[in-house]
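Some notes on the structure that comes next.
The values are calculated or read from the model by the stated rules, or taken from the named source; none is laboratory data. Since the model is a prediction, treat every value here as computed from it, not as a measurement. Every residue, glycine among them, receives a Cβ derived from its backbone with ideal geometry; neighbour counts consider all protein chains shown. These area figures cover heavy atoms from the full protein model, side chains too; ligands, DNA and RNA do not enter into them. Shrake-Rupley method; radii C 1.70, N 1.55, O 1.52, S 1.80 Å.
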Amino acid sequence: MSNYHEPAEELNQEARNFSRALNSLKEEIEAVDWYHQRVVTTNDPDLAQIMAHNRDEEIEHACMTLEWLRRNMPGWDEELRNWLFKEGDIMGAHGNGQEGHDHGHAAPKTDSLGIGKIKK
């Protein structure tokens with residue numbers, strides 16, 4: 001089964017590389033989760049130490065892939081610079097210099113459809 005949502009033959013090499021990187025990132029993050037669950041549920045301290053080591057290596061792999069995306073795929077550099085390595089409330093930074101960036105958050109509920117006033 002293909003990871004592509006569009007016909008593969010219509011995707012250029014750059015788009016295929018982006019897909020490879022994004023899928024690898026998902027897989028690394030999933031592996032971090034699996035190893036972490038094993039760390040916190042095992043009753044064997046030696047096994048926990050091994051699983052923690054494996055988890056941390058998966059974090060390293062995810063970070064390397066994220067850096068490749070930052071350098072190569074449009075949008076990543078700007079957003080990572082906006083959001084990472086900041087102090088304070090994460091969502092509090094959302095309103096600071098982020099005008100025009102919805103970031104997937106819903107607008108406040110109103111009775112308006114957001115299309116302006118309809119005059120009779």
Whether any residue in the stretch 82-92 is modelled with pLDDT of 95 or more and open to solvent by less than 70 Å² (accessible area, probe 1.4 Å) is what I want to check. no
Pick from the stretch 33-53, criterion of a type in the set (Val, Ile, Thr) and open to solvent by 60 Å² or more (accessible area, probe 1.4 Å), ranking: farthest from Arg71 (Cα to Cα): Thr41
Within the group Glu79, Glu30, which residue is surrounded by fewer than 14 Cβ atoms within 10 Å (Cβ to Cβ), within 26 Å of His94 (Cβ to Cβ) and among the acidic types (Asp, Glu)? Glu79
Yes or no: the stretch 95-113 includes at least one residue that is modelled with pLDDT under 90, over 15 Å from the mean Cα position of the chain (by Cα) and of a type in the set (Ser, Thr, Tyr). yes
Is it the case that Ala62 is crowded, with 16+ Cβ neighbours inside 10 Å and aliphatic (A, V, I, L, M)? yes
Take the stretch 1-12 and flag every residue that is open to solvent by 80 Å² or more (accessible area, probe 1.4 Å) and either aromatic (Phe, Trp, Tyr) or part of a helix (DSSP H, G or I) (or both). Glu9, Glu10
Within the stretch 37-46, is there a residue that is more than 30 Å from Pro74 (Cα to Cα), under 19 Å from the mean Cα position of the chain (by Cα) and at pLDDT 95 or above? no
